[in-house]
1. Evaluate E = 1/(1 + (r/R0)^6) for Glu341 and Thr161, where r is the Cβ-Cβ distance and R0 equals 51 Å; express this FRET efficiency to the nearest 0.05.
2. For the pairs Lys362/Lys443; Lys328/Lys438; Lys85/Lys397, flag any whose C-alpha to C-alpha distance is greater than 19 Å.
3. Dipole of the chain (Lys/Arg Cβ +1, Asp/Glu Cβ -1, origin at the Cα centre): which of Leu179, Pro465, Ser436 lies farthest to the positive side?
4. Starting from the Cα-Cα distance between Glu406 and Leu41, subtract it from 0.36 nm times their residue separation and give me the gain in nm to one decimal.
5. Label points 7 Å out from Cα along the Cβ direction at Leu455 and Thr123: separation in nm?
6. Can you give me the C-alpha center-to-center distance between segment 9-69 and segment 77-97, rounded to a whole angstrom?
7. Reported to two decimal places, what Rg/Rh ratio describes segment 413-509 when computed on Cα atoms with Rh from the Kirkwood expression?
8. Go ahead and run the numbers for FRET between Lys473 and Ser61, Cβ-Cβ distance against an R0 of 45 Å, rounding to 0.05.
Amino acid sequence: MGTTPRIAVAAFFTECNHFSTPGVSYADFEATELHRGEAVLKAPTGAVGGMLAVLRERGASAVPLLVASAVCGGPVVADAYRRIKGELLERLAAALPVEGVLLSLHGSMTIEDVGDPEGDLLTAVRALVGERVPIVASLDHHAHVTREMVEQADGLVAWETYPHRDTDNTGRRAASLLLDTAAGRVRPVMALAKAPVIVSGVHGHTDGPGPFADVMRLAKSFEKLPGVVSTAAFLVHPYLDLPDMGGGGLVITDGDKKLAVELATRLADAYWKRRFGLEPEVFTPAEAIRRGAAIEGGPILLVETADCCGGGAAGDSVHTLRALLDAKVQEPSLVPVVDPEAAARCHDAGAGTEVSLELGHKLDPAWGKPLGVRGKVLRLSDGDFVYSGGIWAGMHKSMGPTAVLEIGSVRVLIMSKPTYDWKDEQFRSVGLDAASSKFVVVKNPMNFRFAYAGLSKAAFILDTPGPTPATLKHVAFRRLRRPYFPADSEIFGLSFSEYVHESACGLGR
């Protein structure tokens, strides 16, 4: 490797859901994040930002290709995937030769006709650069890691926190591993072991006590062992429908295949043994409201995980709104819903006007019927807000034309576009205050723990129809075959699936 190694950098990032109808289009990438060439070098945060920082610090030259990311949804439209993949590969081919390739990926993207696009992309990159050029990718720890991904990359590193806040550091770790590999200081051997456990993220937090926190801490403790380069624990995104899904661990050692396999298998076993703790207790909306009403004060969180935009749902469910209205709740309450048609009606009517609407279940009508409501348009907004933390900290995002509709004591935040819920930025951007509310409907299975820490009096995980349910017990998978937990609580003769790959980089140096 020369004195100034040239490292190609790119990102192709979204999370998909096979049970959600709206697919992710090219326009969705354009609306979220699609940067090319020199614009990539301006990435301030996230995995790419961390990668670029390490390359600068260690005297390497970044060769920017492109960064493409989009809000979660159904499978990416095939044409959009091929268009972005094709441009990424064209830019890489034009940049050759390079001494390494850094990719920021998710690991749970899927395409209309490609089950494992990350593996497909890594294979295409490998074909361009050859066997001796190292490729390292960063992943979300909800990645569905496949044999092809392990075999085509020299290193896979994953986020370590949930709620997510370490994307920058993960990018740094990826860049350091790549530079060490390219320089011949490390010869990576990577082993992945998975257990057939398919659970939601409700108990997937990595801070404090908890089943997945235990597995993550075990994984990170292995990094103190001689010869261990990197470890990862995976809580697979459960709303894909693909063969060989599961969670577990990935270990990279410096040339020690036996140790990598042993430690990865120990992580898969630890994950399997904690499977019952990963399953949440769930309530109907009516039962949760009854229980919440008996608790003094608020806010009481009604966690409608089945409609999580961050997991690929449309955000258009009104199941919990219906239950609040049926219960004739008198205390102030907040409910979010994505309904561009209703938002437009409110904007046309104007603030202070009474309107009648058919609300919800229009973007993904498979999960319910619109709810007829009448209320007062309390406030209108362009929907712009800024994330205060998480993977998009400091970034400006938009819900599109937005309205606050007052229906008795309930205030409904009607958005035109789905956005990721990190904290309560969307509510606050239109002057809605969760602290003074009795009930607050939240639709992220994890981030409510952070957003309302020290504020909420209780949280109830709801069992409602939708593409991102809190439990996978009754989901009708077609490609994922049994046995798997929680459909099967015991699996006799279980053996953890293992993939092992030894890097060719550094050989002969």
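Any read-out appearing in this document is the output of simple, stated calculations on the displayed coordinates, not a laboratory observation. Note that the structure is predicted; figures quoted are calculated from it, not measured. Don't worry about glycine lacking a Cβ; one is built from the backbone with ideal geometry, like all the others, and counts go over all protein chains shown.
1. Details: r = 37 Å, r/R0 = 0.73.
It comes out at approximately 0.85.
2. Details: Lys362/Lys443 17 Å; Lys328/Lys438 13 Å; Lys85/Lys397 25 Å.
Too far apart for the 19 Å limit: Lys85/Lys397.
3. Leu179
4. On the way: separation 365, 0.36 × 365 = 131.40 nm, distance 4.46 nm.
In short, 126.9 nm is gained.
5. 4.7
6. Their Cα centres are 13 Å away from one another.
7. Working: Rg = 21.4 Å, Rh = 18.3 Å.
Rg/Rh for segment 413-509 comes to 1.17.
8. On the way: r = 51 Å, r/R0 = 1.14.
Working from the Cβ atoms, E equals 0.30.
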